[in-house]
Amino acid sequence: MAQVATELEQRLKSLADIHHLLRSIRAMSAIRWRRARARLRSAQEYVATVDRQLALAATFPTALTRGARSTARRLAAEKSMGLITLTSDRGLCGTFNVGVVAHAMDFIEREHEKGWRIKVIALGEYGERFFRRADCELLYTHHFPLTHAISFVEARDIVGRVKYFYETGVFDTLYLIYNKFVSFGRYQRVEVRLLPPDLMAVMQGNPAVVPEGLIIGTPPLALQDFLLWEHLATQVYLALIESMVSEQGARLQTMDAAISNLDERVARLQLQYHALRQENITREVLAVQCNARSRHGGRGAVA
């Protein structure tokens, strides 16, 4: 019995250490969630500003805008597709990563059946490990450590590599799959076409009103080229932040569930431990009483 009580006591101490670790992870995730949520609002404002400028610049007919709008003709000749997936570096966030890679594998299988060759850009270590094991063709990988904060400079670096792949003909179309932030603890997996840019969607969402007598100091073609890639950079940056907010929200929920489950286990073990300890105390008291009676009975017999 004493050995069982000692084992229960050791298990309770181990669970206390785990409880402390879970609360530390939860606190860190809460800080990162608040920071990413604050960045999300400013990123959305900048994306809206770039889209308005792009819609205005796209009103000037050039070869670039004509090529970007006539996507049906380009899609008919495409042989290779790029796919960006956004996952976390680590787990402990429920089905956050599993849903993204499952969606990506469905996408790859669907496009393979149509004859496309899929090349993956894995942003996040979880995705990199998964797609390597799945024998997918990886073009580029990027990690996001736990202490990392998403910056627009980082998004520009990623888009710089994407631009090189696109302009050198590594792929003709680029899609992005990630978890879009909805509200705390809620996210939605989305599939977005990044290249060629869907200017019709941008112009419908931002109907451009060209001011009378507008003077542009930059040639329309150069301005459109800059704004198209800036539009892509803002989309990637917004996706990175939304994915980060969704990830930390999912991790917070996972930690809350783990802490709640751990508290229940601790409560059950404490009941077992106290019951066993009380049983040991009762047994020792009875043993003392029996010994006392035996000694008292032995003295009476001698008398």
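Coordinate-derived values only; no laboratory data. These figures come from a predicted structure and were not determined experimentally. Note: ideal-geometry Cβ built from the backbone for every residue, glycine included; neighbour counts use all protein chains shown.
Under 5 Å between amide hydrogens, built in the peptide plane, is the criterion, and for PHE184 it picks out nothing among residues at least 5 positions away or on other chains.
Packing around the peptides 82-92, 161-171, taken as the average count of other Cβ atoms within 10 Å per residue, puts them in this order, highest first: 82-92, 161-171. Modelled this way, with points 7 Å down the Cα-to-C-beta line, the labels at GLU111 and GLN278 are 6.5 nm from one another.
Label-to-label distance, ARG189 versus LEU269, with points set 7 angstrom from Cα along the beta-carbon direction: 3.5 nm. A simple spin-label model places pseudo-atoms 7 Å from Cα toward Cβ; at SER14 and ARG129 they are separated by 2.3 nm.
From least to most packed, judged by other beta carbons within 10 angstrom and beginning with the fewest, SER24, SER243, SER80 follow the order SER24, SER80, SER243. 3J(HN,Hα) couplings calculated from phi for region 126-137 with the Karplus curve 6.51 cos²θ - 1.76 cosθ + 1.60 (θ = phi - 60°) are, in sequence order, 4, x, 4, 4, 5, 6, 5, 5, 7, 6, 8, 7 Hz; Gly and Pro show x. Remark: MET200, MET28 ranked as MET200, MET28, counting other beta-carbon atoms within 10 Å and listing the fewest first. Scalar couplings 3J(HN,Hα) for region 106-121, obtained by applying the Karplus form with A = 6.51, B = -1.76, C = 1.60 to θ = phi - 60°, are 4, 4, 4, 5, 5, 6, 4, 5, 8, x, 8, 9, 9, 10, 9, 10 Hz; x denotes Gly and Pro.
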